[in-house]
């Protein structure tokens, strides 16, 4: 029969060994089980669905961001080229026939709407363009066209506006569900060791991380793109107002010529 260790050296060594084994096991779990892919694969079905939804939303966000960046650059370039032709001193009728009749970009659409209304008013027998409400009709045509082009340019921005505030809460839902699932596993195993708790908590928090990664670009892009589109809208309105003034002035000059001829 072996005598007990009076100094407790044996039990201390066993505790040390147990601690080292637990630490080694935890390190192995952390190295092999806490990568993003592992966190997704080991998550519960509900958390997986949350993560997949957020990842798909993130892909949609970046697709819209890329589309709008390309669109904004293109319409600004086309507007600059059109304004150069407009202010070059050429015939407005020729410009209308080449660009305004079948517009391919917003600025040409504004020009075409105003010029088309001016031409229709000029064909009305006996109308005085300077006093017959032509300018009001031209301005109304410009306003309607600008609004229509704004709606077209801002299409799908509502998705960014929705994802920005909603995605973090969706991720938080995944986190709460994952933590509940982890606590249920702990209760079933009767084990509160960190090596048991850590993977489940990590999976849960990963859902919140994906939610934030989805929401932050959407929120920033919505504000930046919205500001760029607002500036372009102001540019269209400014051009439309200036062009309406030009048409009004030409109408008054034509009316004066007609009056002088009658006199």
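Values quoted throughout were computed directly from the atomic coordinates according to the rules given, and no laboratory measurement underlies them. Quick caveat, the model's predicted, so the values are computed rather than measured. Methodologically, a virtual Cβ is constructed for each residue, glycine included, from the backbone with ideal geometry; neighbour enumeration extends over all protein chains shown.
On full extension of the chain, what length is gained from residue 119 through residue 166, given 0.36 nm per residue of separation minus the C-alpha to C-alpha distance? Spell out each step's value before the answer.
Values: separation 47, 0.36 × 47 = 16.92 nm, distance 4.95 nm.
Roughly 12.0 nm would be gained on extension.
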Computed over the stretch 62-118, the ratio Rg/Rh where both radii use C-alpha atoms and Rh is Kirkwood: 1.09
Highest-first arrangement of 141-151, 168-178, where packing means the average Cβ count within 10 Å: 168-178, 141-151
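So what is the orientation-averaged projected area of the stretch 46-180, using the convex hull of its C-alpha atoms, in nm²?
If I average the Cα hull's projected area over directions, I get 11.2 nm².
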Can you tell me the Rg and the Dmax, both Å, for the Cα atoms in the stretch 143-217? 20.2, 70
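Of the listed peptides 82-90, 53-61, what is their order by residue-averaged count of other C-beta atoms within 10 Å, with the highest listed first?
Peptide ranking by packing, descending: 53-61, 82-90.
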In whole angstrom, largest first, the equivalent ellipsoid semi-axes that the Cα gyration tensor gives for the stretch 31-106 are 53, 12, 5
Report the gain in length on full extension from residue 144 to residue 184: 0.36 nm times residue separation, minus Cα-Cα distance, nm rounded to one decimal. 8.4 nm
